[in-house]
1. Kindly express, to the nearest 10 degrees and within the range 0 to 90, the angle between helix 168-182's C-alpha long axis and the longest C-alpha principal axis of the chain.
2. Using only Cα atoms, figure out Rg for segment 80-127 and give it as a multiple of 2.2 N^0.38 Å.
3. Calculate, in nm to one decimal, what residue 98 and residue 64 gain on full extension: separation in residues at 0.36 nm each, minus their alpha carbon distance.
4. Label residue 135 and residue 117 with points 7 Å out from Cα along Cα→Cβ: what is the distance between them in nm?
5. Run the helix sum for the chain: -39,500 (n - 2.57) per DSSP H stretch of 4+ residues, divided by residue count, reported at 222 nm to the nearest 500 deg cm²/dmol.
6. What are the extents of the Cα atoms of the chain along their three principal axes, listed from largest to smallest and rounded to whole Å?
7. Sequence gap at least 6, Cα distance under 8 Å: using those rules, report the relative contact order of the chain to the nearest whole percent.
8. Measure out, as a whole number of angstrom, how far apart the alpha-carbon centroids of segment 8-45 and segment 47-85 sit.
């Protein structure tokens, strides 16, 4: 049930990212055309584009956490026996959940500190800029906690104990090989 909800949530985030990217293109391109063609511009374009970029980066990171899409190195982990992989994964989840707590706490503190500070061009609260850290921390924390629970309850297959790949090419090769095995 929670897996389906998280999949729908990530699907929604993907749509939000696409909208933010489209808005950024319109703002930046429109600003360039107005500056060079008409000697004017969109005052809030640069600030809003920067905020949108930060938000879409964090939203994309949430999706990557869900898909285990972050790159890493499996040089050592892949060579360990199953129990070693499980221990390393437990340590990794504990550290990642701790990082989510630190991210939430720091973002919360920055949001509170900057809530009454207005952004120069838009006049919006600077707290909105820092708030995405809390969204990321809570979202990633829930996803990591679910994966951690699955590991502790034995719902993770031995071949899935290494969640990272050395490169995107290896991840693509592995997913292609897995799709070929299912045929």
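Every number in this text was worked out from the coordinates using simple rules, so none of it is lab data. What you see is a predicted model; the values in this text were computed from it and never measured. Every residue, glycine as well, gets a Cβ built from its backbone with ideal geometry; the counts of neighbours run over all protein chains shown.
1. 50 degrees
2. 1.95
3. Additional length available on full extension: 10.4 nm.
4. 2.0 nm
5. -26000 deg cm²/dmol
6. Result, largest extent first: 65, 40, 33 Å.
7. Relative contact order here is 25 percent.
8. Each part's Cα centre sits 25 Å from the other's.
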